[in-house]
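Visitor: My questions will all concern the structure given below.
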Amino acid sequence: MTRDRDPGGRPRNARPRDALGRPLDRSGPETGSPRIPDDLVISGPDAARRADELLREGHPFHAHEVLEAAWKSAPARERDLWQGLAQIAVGLTHARRGNARGAVALLRRGARRVRAQQDQPGAPAGQDRDFPYGMDIRAVLAAADALAARIERDGLDGMAPADLAPGLMPDPGSALKTGRGRA
């Protein structure tokens, strides 16, 4: 079978995918989750909002695709942030697919990459280092670390779907805790 290719000859996969990004059979009915275009170009604020929605809805694979698009089009100083967040989303995808080892590895790798970016001089786009594009990076990193430790300790059995759906943006109820969003 020949592989789908874009005009530049790079491989693409137009097959429908399930909610966790696994390719579905081409011969089956047109089902599956909506695809994120391979050539998506998205701004930082839009990527943060859309990836947050997808993660909270339990679609980490699709969030990864949005974050990867942001990474590919971001200024150099932001690329590690977006790549690390994409790796965290892949870690969540592995967890939802039942791959505990892959989940732990990608959650930790992504968190390390985001931390390394945060340690560089000059916050992304001149913004607050802990809240680039409104994302609560401290909370994202804490959630990734805690989830990796929990999976490593207890495995994935009994893990509630909500535990595998952390967002990127502050929870509406957390504005008072962080001091953000106050008038």
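Readers should treat all values here as calculations from the given coordinates under stated rules, not as data from a laboratory. Predicted model, so just to flag it, every value in this text is computed and none were measured. Heads up, the Cβs are rebuilt from the backbone with ideal geometry, glycines too, and the neighbour counts pull from every protein chain shown.
Visitor: Give me the net charge of Arg129's neighbourhood, meaning all other residues with Cβ under 10 Å from the Cβ of Arg129; Lys, Arg count +1, Asp, Glu -1.
Guide: -2
Visitor: By how many nm would the segment from Arg153 to Asn99 grow when fully extended, if each residue of separation counts as 0.36 nm and the alpha-carbon distance is taken off?
Guide: Using 0.36 nm per residue and subtracting the Cα-Cα distance, I get 18.0 nm.
Visitor: I've got another one for you. Between Ala162 and Ala116, what is the FRET efficiency for a Förster distance of 35 Å, r being their Cβ-Cβ separation, to the nearest 0.05?
Guide: E between Ala162 and Ala116, to the nearest 0.05, is 0.75.
Visitor: To the nearest 0.05, how large is the calculated FRET efficiency for Ser73 and Ala146 if R₀ is 30 Å and r is the Cβ-Cβ distance?
Guide: So the FRET efficiency works out to roughly 0.45.
Visitor: For the residue pair Asp171 and Arg129, what label-to-label distance in nm results when each label sits 7 Å from Cα along the Cα-to-beta-carbon direction?
Guide: Between Asp171 and Arg129, the simple spin-label model gives 2.6 nm.
Visitor: For Met169, enumerate residues with amide H under 5 Å from its amide H, sequence gap 5+ or separate chain, H modeled in the peptide plane.
Guide: Those qualifying (amide H under 5 Å, at least 5 residues apart or on another chain) are Asp136.
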